[in-house]
Each structure stands twice: as structure tokens, then as C-alpha cells.
């Protein structure tokens, strides 16, 4: 009886994968769980930005959307070291899921090396819905939407980097087989094989005769993005290298984590922007170190894949001559897109939106930030789309809009997200220079995670001078010690916003030489008013989650993501707004609410 049960279970496990191969489940070694490191700051763990319970986390990996479930399930994998709170071998693919992109359930690691000295480096997940690999059965109950393949970089104990494929039917258990030998892609020049990583795979569809899977891989320190196209079975020898993209954009020290999105140009206005293409391929590249913000950042280019007929290969032809940052903050890196099932029509025309998550940290200082027993968090999920950004009064340019994306529905169980409440609506000027308020009157709900919307109207730009540029400041203060505060503000003469994260009693904040305490970005007005040439308006949406702030300006055409650190439990609740100059001054409309964990008796 026991033997029959064993064979039944084994059949259940493998029935969805081809039974003509000997499948090997990829196990993850268990390590002693890390519990403490140096100073416990667990109380400041973000509520709605994903963090691992223990250990070290960096790049998001292999994100995909399971549309076969109701509600839809979002899978997030990540670079994970369960043994320490700093980057080190081994590196596994950690795993978490969510139905609303705010609350995450951390699962056991998906896969990793078994020798303790190697790494399952960054990569992606894709869906082999047409079973091109021939590694899945012909059961198309879900239209092949669960034919999952993880593409990742295996870094061996000699630091050689090659690209591997693993198979799964649920995203939880992964398998390989000697009948599908790894690696599937290796560098052709041994000189550079230690810097060759981070494969992202997309379904590449031009027409019925030109389709397959396109893999983007960073030839990191050569400043190249290599593209490999497989039109047959995805095995070794079928990934044909196309023409590399070389030396484009900000170079920094190295390229990492390429990601491609094929997006519709829905914001195209004929005759105004001279953009005739109905869609673009957007190539995201992360660099570290050497970004213009210092340390790590992610930028992108718009382009098209075109065929070079004399070689019969595709190349990415940039259509914009300027690389643009995806985020202007210090803590936004290695943005990865969710893979989702699309039919051939959408693959050819492009999608209205892409969805992505970034690592909310910076390699300059991430290994020592004052959190315990984990290090680093992910950004809020972003919905990205193509738009036109007024980069100066005279010029609008093709740009990526990046907006927060999450789902508020009945699946919310642990968090309560009340409607935004008007906290202030009035004019601040030299006659009425300040106001103060609390975001939540019920102190039991103050947990340091808030969201807000602010509309700022400069009533007369001409009254501000070089000698009196005009500051509007928001002070988000700690509820138990208001000497700690996060300052966010605007200067009219510079037309710039800034974040000041220096006002903390945590010694690390001012002792670490790379933790820049002030970050700024120039922002063009959201709108000007007809008949009121000297009156301009800005719109800001913000999320503060205990030790991270994300700001979205003017519908997400510019964003800034930055971590900050207060002493344990000193949660933000009170806000002061101040101006320092202006007879007419600023009209400020602010709505805000606390996001908090439900109390047991609520």
C-alpha cells in the first residue's frame, strides 16, 4: 500500500512535465536561520514594501503573473543569502507571492546552488506557452500558461558565469534534466566569462515566420547588451547571438540586469512630437557603480529591433539619443518586469503597460544599513507606460511614465488602507507662514506608513527672486521624538524638489560617507493656467513606509526613491508645512492617510 502511494505521489508531481526524461528536482540546502546581527531595528520593518524575514536580499528576479488563479497571483523571486545580512555566497532565488502587490507571503527559496560557494544569480521567468522546448506535456488546460522556465546566471566557484534554464509547472518547485543540458548560453570569449550575466527572456514575435524567444544578457564590463534568439527548442546551440548593443547611455563601471518591454506609443500626437512609431521596445539597463546619483541606478532607451539583411541578424536600434533615468533617487536599482502571458496580437502591437519592481537600495552603503535581522526592501510595484515629458519649457521628449501599482480589494487582510482625508487646504505666505497637523488622530494606528497627495500652486512666480528663491517645506516628524524628521520640499527659483534625510538620531546616517543626506531633482510644472502666466502647479503623490519614501511627480513622469532611518518605533505621524517668502506665496492642498496593520480586536 505504501509503495502504491509513493508511485501515485511521484506521478502527481511529474505528470505535468514530459515523462520521457529523468527529471531532477532542484533542492535548496537548509541553513541555520539568522536571528540577530548587531542592533535590533526590526520594529522599523516596512509594512507594504517587501522585505525578507531574515538575511540578505538584492535584485528582484524571475517575476511573473499567474493569470490562471483567481485572484491573480504575482510571483517575486530575489537574490537571497539566508546566512548573513550582507552579500555573500551562497545566493539562492528567494520567493514570495502576493495577490495585491502590498502584502507578500514569503515562501521557501525556489532554488540555489548545493555547494555553498556558488550563486544562482539574477535572471527572469518566462512562459513557454507553445511548448517550444518540448519539455512539457500537451495538456493545454491553461493554454500553456504554467509552462514556466527560469533563466538565470549560474556563477560557479571559479566565478565563471553562464546562463541556465530550469523548468516548473507552478513556480514553487523547479527541475532540470540531463536531456536538456545546461548551460544554454556561454560567452564565446573566455576573457570575459566572469562578467556575463542577468538573462531576461521575452517572447519575440514579428510575424508568423519570425518568432521565438529573445534573451538579453549583460556583457557587464564590456558595456554591451547581447541578444540571443532561439526559434526552435531553446536548447544548447539554438540560441543564436544577434548584434550586440555597445556603449550606449551612462556607462558607469558595468552594465547589469537588462530588461526589455514592448510598449505602445499611446501618447503619440502627430505633428507635435514627430513620433511616428506606434510602439517601441524599451531597453532598461542598470549600472553600478558610477551612476550620476552616485552608486546604483537604472536608465532606459527607446528603440526598435531591425534586421541587418547582410548578416541576417537583428540589432537594437536606439530611436532616442538620450538615456533617461527611471528614478532620480539613491535607492532604485535592477528594475525587473513581470512576465505575463500575451497572445500574438499583443506581442506584435506592444502592450499598453508593463509592470515592474526594483531593489530599493544602493550598493554604496547597502551592506551596512541599520536594519536587523534583514537587509534591504523592494520598491513599490510600478506601472510603466510611454508618454511625453515636458523636460523644458520649449521641449517635450519621449519618456517613461512610472506610477505606483497595487490592488485594493477583498484580498487585503492584514493592512487597512483608509480613504485619503483632507489634512490641509489653504494658502501659506509671509502673513501665514506655517501650519501643523497629525495625519491620524488615533495614536494606536500610528505605525509610520502613510500615503499622500499634494497639489502645490505657485500663485505668482515673479515675486520670487534669486535673493529670495522661495521655499515650501514639509516636515514629516517622528511621533515620539520630533527631533527626527524627514524633510521634503520645493524651491521656486530652482524649480526643484528635494528630500532631506539627514535629521536622524541614528549615528550611521551621518557617519556613512556615501549616504547622501540630500537628493534633488528639477521638475517642470504639471500645468500652467491660461490668463495666469505667472501661476504654475505641481502634483505629487507620495508613499512613506517606515524607512523608505517614494515620490511620484506629475503623474509619474519623474520619481525619486530614497531610504531613511529613524530610531526604532519613532513613527511618522505629525506634519509641519512652512514657507519662508512670498506675499502671495503657495496654495497647498494635501490629503493623507495612515496605512496600518489591523489590530487583533479591530
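The values are calculated or read from the model by the stated rules, or taken from the named source; none is laboratory data. Since the model is a prediction, treat every value here as computed from it, not as a measurement. Quick reminder, even Gly has a Cβ in these numbers, built from the backbone with ideal geometry, and neighbours come from all protein chains shown.
Go through the residues of region 359-370 one by one and say whether even a single one is in contact with a strand residue (DSSP E or B) (Cβ under 9 Å, 6 or more places away or on another chain), farther than 30 Å from residue 43 by Cβ and either in the same structural domain as residue 278 (by TED's automatic domain parsing) or surrounded by 22 or more Cβ atoms within 10 Å (Cβ to Cβ) (or both). No, region 359-370 has no match at all.
To keep it simple, each residue is scored yes or no on (1) buried (at least 22 other Cβ atoms within 10 Å of the Cβ); (2) part of a strand (DSSP E or B); (3) modelled with pLDDT under 95.
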site	(1), (2), (3)
218	yes, yes, no
228	no, yes, no
238	no, no, no
259	yes, yes, no
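Answer yes or no as to whether residue 349 is surrounded by 22 or more Cβ atoms within 10 Å (Cβ to Cβ) and not assigned by TED's automatic domain parsing to the domain that holds residue 561. The answer is no for residue 349.
Conditions tested, residue by residue: (1) surrounded by fewer than 17 Cβ atoms within 10 Å (Cβ to Cβ); (2) modelled with pLDDT of 75 or more; (3) more than 30 Å from residue 404 (Cβ to Cβ).
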site	(1), (2), (3)
8	yes, no, yes
12	yes, no, yes
15	yes, no, yes
34	no, no, yes
50	no, yes, no
54	no, yes, no
70	yes, yes, no
79	no, yes, no
93	no, yes, no
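Considering (1) surrounded by 20 or more Cβ atoms within 10 Å (Cβ to Cβ); (2) within 23 Å of the chain's Cα centre (by Cα); (3) farther than 20 Å from residue 118 by Cα, the lone condition that residue 147 does not fulfil carries the number (2).
Check whether at least one residue in region 329-338 is within 30 Å of residue 208 (Cβ to Cβ), assigned to a loop (DSSP other than H, G, I, E, B), in contact with a strand residue (DSSP E or B) (Cβ under 7 Å, 6 or more places away or on another chain) and modelled with pLDDT of 95 or more, and report yes or no. Checked against the condition, which is being within 30 Å of residue 208 (Cβ to Cβ), assigned to a loop (DSSP other than H, G, I, E, B), in contact with a strand residue (DSSP E or B) (Cβ under 7 Å, 6 or more places away or on another chain) and modelled with pLDDT of 95 or more, region 329-338 yields at least one hit.
Quick one: count up the residues across region 156-196 that are part of a strand (DSSP E or B) and either modelled with pLDDT of 95 or more or crowded, with 22+ Cβ neighbours inside 10 Å (or both). Steps first, answer last, please.
Just the residues of region 156-196 that are part of a strand (DSSP E or B), to begin with: 161-168, 175-177, 185, 196.
With the extra rule that they be either modelled with pLDDT of 95 or more or crowded, with 22+ Cβ neighbours inside 10 Å (or both), the set shrinks to 161-168, 175, 185, 196.
Number satisfying all stated conditions: 11.
Scanning region 503-521 finds no residues that are over 27 Å from residue 295 (Cβ atoms) and assigned to a loop (DSSP other than H, G, I, E, B). For region 443-455, the count of residues that are surrounded by fewer than 17 Cβ atoms within 10 Å (Cβ to Cβ), at pLDDT 95 or above and either within 32 Å of the chain's Cα centre (by Cα) or within 25 Å of residue 527 (Cβ to Cβ) (or both) is at least one. In region 531-545 there is no residue matching the filter, namely being touching a residue at least 40 places away in the same chain (Cβ under 8 Å), crowded, with 22+ Cβ neighbours inside 10 Å and over 22 Å from the mean Cα position of the chain (by Cα). Restricting the search to strands (runs of 3 or more DSSP E) fully inside region 374-436 and requiring at least 3 residues that are surrounded by 16 or more Cβ atoms within 10 Å (Cβ to Cβ) and under 22 Å from the mean Cα position of the chain (by Cα) gives 382-392, 395-404.
Could you please let me know if residue 555 is part of a loop (DSSP other than H, G, I, E, B), surrounded by fewer than 24 Cβ atoms within 10 Å (Cβ to Cβ) and at positive phi?
Working: part of a loop (DSSP other than H, G, I, E, B): yes; surrounded by fewer than 24 Cβ atoms within 10 Å (Cβ to Cβ): yes; at positive phi: yes.
When the stated conditions are applied, residue 555 passes them.
Checked against (1) surrounded by fewer than 17 Cβ atoms within 10 Å (Cβ to Cβ); (2) within 17 Å of residue 369 (Cα to Cα); (3) at pLDDT 95 or above, residue 504 passes all but condition (1).
If the condition is being part of a strand (DSSP E or B) and in contact with a helix residue (DSSP H, G or I) (Cβ under 9 Å, 6 or more places away or on another chain), then region 564-592 contributes only 573.
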